[in-house]
Amino acid sequence: MKDLFDYAAVVFGCGNILFGDDGFGPAVIAHLTQHYPLPDDVLALDMGTSIRDTLVDLTLSEKKPGLIVLVDAVDVPGRSPGEIFEIPITQIPEKKMSDFSLHQFPTVSLLAKIERQAGIKIAVVVAQVESIPEEVRPGLSTVLQNAVAPACAHLVRVLEREHAPT
């Protein structure tokens, strides 16, 4: 069996499925793996809220993928709920740094270091949330449920654009 970092490209779905729209990343990974045949050198994983541990492991590993694609939910002013877009690592919203998802410090710093020092391409694909509840409430809003399939199509385009098969 291949090790996580034996793959040329990895797609990580980030988010907490217990907090509404924050579970977008894991929902996208579930749909992607069920409906899209990925190349043998591409791995898609639901990371839930444990992305930081994996990124730390990556910095210590001799083997590294050439591409990391992160999928998550964000709340960016001026965006429409369900809108799928890409953002640079440096534009991950600060107000999400205290939540349970991708954006918690030191993840942003770790991603920048991995990209800069290891030469790994990093793409961040996000969806604008409708809302994230203050209390536990599993399940995506209807607007984000409807954004899952388009996000998968967007991910396939990112992989085609950024990943050269090995």
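The values are calculated or read from the model by the stated rules, or taken from the named source; none is laboratory data. Worth saying up front: this structure is predicted, and the values here are computed from it rather than measured. Positions of Cβ are backbone-derived with ideal geometry, glycine not excepted, and every protein chain shown enters the neighbour counts.
Values as computed for the structure displayed
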| item | result |
| --- | --- |
| Scope the range 61-86; condition part of a strand (DSSP E or B) and of a type in the set (A, V, I, L, M, F, W, C); matching residues | 67, 68, 69, 70, 71, 73, 74, 84, 85 |
| From the options 58, 45, residue that is assigned to a helix (DSSP H, G or I) and of a type in the set (A, V, I, L, M) | 58 |
| Test: residue in the range 87-97 that is assigned to a helix (DSSP H, G or I), out of contact with any strand residue (DSSP E or B) (no Cβ under 7 Å at 6 or more places or on another chain), modelled with pLDDT of 65 or more and surrounded by fewer than 19 Cβ atoms within 10 Å (Cβ to Cβ) | yes |
| Counted residues, the range 120-166 - those being in a loop (DSSP other than H, G, I, E, B) and among the acidic types (Asp, Glu) | 3 |
| Matching residues, the range 123-136, being farther than 13 Å from residue 23 by Cβ and surrounded by 17 or more Cβ atoms within 10 Å (Cβ to Cβ) | 123, 124, 125, 126, 128 |
| Identity of the residue in the range 42-80, of a type in the set (Asp, Glu) and crowded, with 17+ Cβ neighbours inside 10 Å, that ends up modelled with the highest pLDDT | 46 |
| Residue tally, condition surrounded by 17 or more Cβ atoms within 10 Å (Cβ to Cβ), on the phi < 0 side of the Ramachandran plot and either outside any helix (DSSP H, G or I) or β-branched (Val, Ile, Thr) (or both), over the range 9-40 | 12 |
